[in-house]
Amino acid sequence: MAGEVIGINSAIFSSTGDFSGIGFAVPSNTISKVVPSLISRGSFSHPWIGLSGININSEIAVAIGLNQPTGFLVLDTVAGSPAQKAGLHGGYKVTNIGGRQIALGGDVIDIAIYIESTKSVGV
């Protein structure tokens, strides 16, 4: 509304092949962080902590005893990764939730978005 860029189109899903359908955009704050690196070095290294997981929805929250569906459930960590070195643990008890097998018992964190939007590799 203020004439500021909020995103840059990156792809479109179209069932007709026309330039209409569902558009996908990269947020402008991500672009402003990535583009200078692309210009100066020709590449961009994403922050990486070495884990896989899933955003907690209401079904997962109930299954693990949370009062509200918030955070990120760690399913697994990569050997030697920053996540493993920090002591994060993945799940160990596989349960069917919404037709999907999910390993419960892992750590619950709320930092994934923070890391991607505010941190850089080596910082």
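The values are calculated or read from the model by the stated rules, or taken from the named source; none is laboratory data. Please read these numbers as outputs of a predicted model, since none were measured by experiment. Using ideal geometry, Cβ is built from the backbone for each residue, glycine included, and neighbour counts are taken over all protein chains shown.
Here are the numbers for the structure shown:
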quantity	calculated
Flag for residue 66 being at pLDDT below 95, surrounded by 12 or more Cβ atoms within 10 Å (Cβ to Cβ), in contact with an Asp or Glu (Cβ under 9 Å, 6 or more places away or on another chain) and more than 22 Å from residue 27 (Cβ to Cβ)	no
Unique residue being modelled with pLDDT under 85 and not hydrophobic (A, V, I, L, M, F, W, C) when the list is 14, 52, 40, 45	14
